[in-house]
Amino acid sequence: MPFDGDNRRRHRRQLFFTNIEYCLSFLLPGEVYLGSNINISDSGMCMYTYRRLYEGDDIKINNALPIPHQRATVRWTKRYADDFYKVGLEFVGDSPGLSAGSRKRKEYN
């Protein structure tokens, strides 16, 4: 699999600032959470959120994105304050070869 040299990513990230509305797949459809997207690529995105997410959590993105993905799996979480997190997401479901990954709960501080 090819990587973006400096970032060691499959696809180059582009700065992309927008508010994100998302829900967790294991909660009722009416429960919507907010995040702020900071970058995006064909395979994933990074956002800030006040909701603690864990590695392996699946989310559904309610906003329209500039790419054809609306579902993602949390790959890493970094806590910056008690209720403020930076989250790395990998898009799933809409691209062949992407899988939901493990359900192991892991947080990076």
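The values are calculated or read from the model by the stated rules, or taken from the named source; none is laboratory data. This structure is a prediction, so every number in the text was calculated from the model and none was measured. Using ideal geometry, Cβ is built from the backbone for each residue, glycine included, and neighbour counts are taken over all protein chains shown.
Looking only at the stretch 52-87, residues that are modelled with pLDDT of 75 or more, in a loop (DSSP other than H, G, I, E, B) and not hydrophobic (A, V, I, L, M, F, W, C) come to 10 in all. Just to be sure I understand the filter: pairs with C-beta atoms under 8 Å, separated by 6 or more residues or on different chains, first member in the stretch 10-32 and more than 18 Å from Arg52 (Cα to Cα), second member at pLDDT below 70 and exposed (fewer than 10 other Cβ atoms within 10 Å of the Cβ). Which pairs pass? Here the result reads Arg10/Met1; Arg10/Pro2; Phe16/Pro66, each pair linking the stretch 10-32 to a residue that is at pLDDT below 70 and exposed (fewer than 10 other Cβ atoms within 10 Å of the Cβ).
Residue-wise test of (1) modelled with pLDDT of 65 or more; (2) not hydroxyl-bearing (Ser, Thr, Tyr).
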site	(1), (2)
Phe3	no, yes
Arg9	no, yes
Arg12	yes, yes
Asn19	yes, yes
Ser36	yes, no
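When the stretch 35-62 is filtered for residues that are surrounded by fewer than 19 Cβ atoms within 10 Å (Cβ to Cβ), of a type in the set (S, T, N, Q) and over 16 Å from Val92 (Cα atoms), the ones remaining, listed by number, are Ser36, Asn39. Among all residues of the stretch 88-106, there is at least one that is in contact with a Ser or Thr (Cβ under 9 Å, 6 or more places away or on another chain), basic (Lys, Arg) and at pLDDT below 85.
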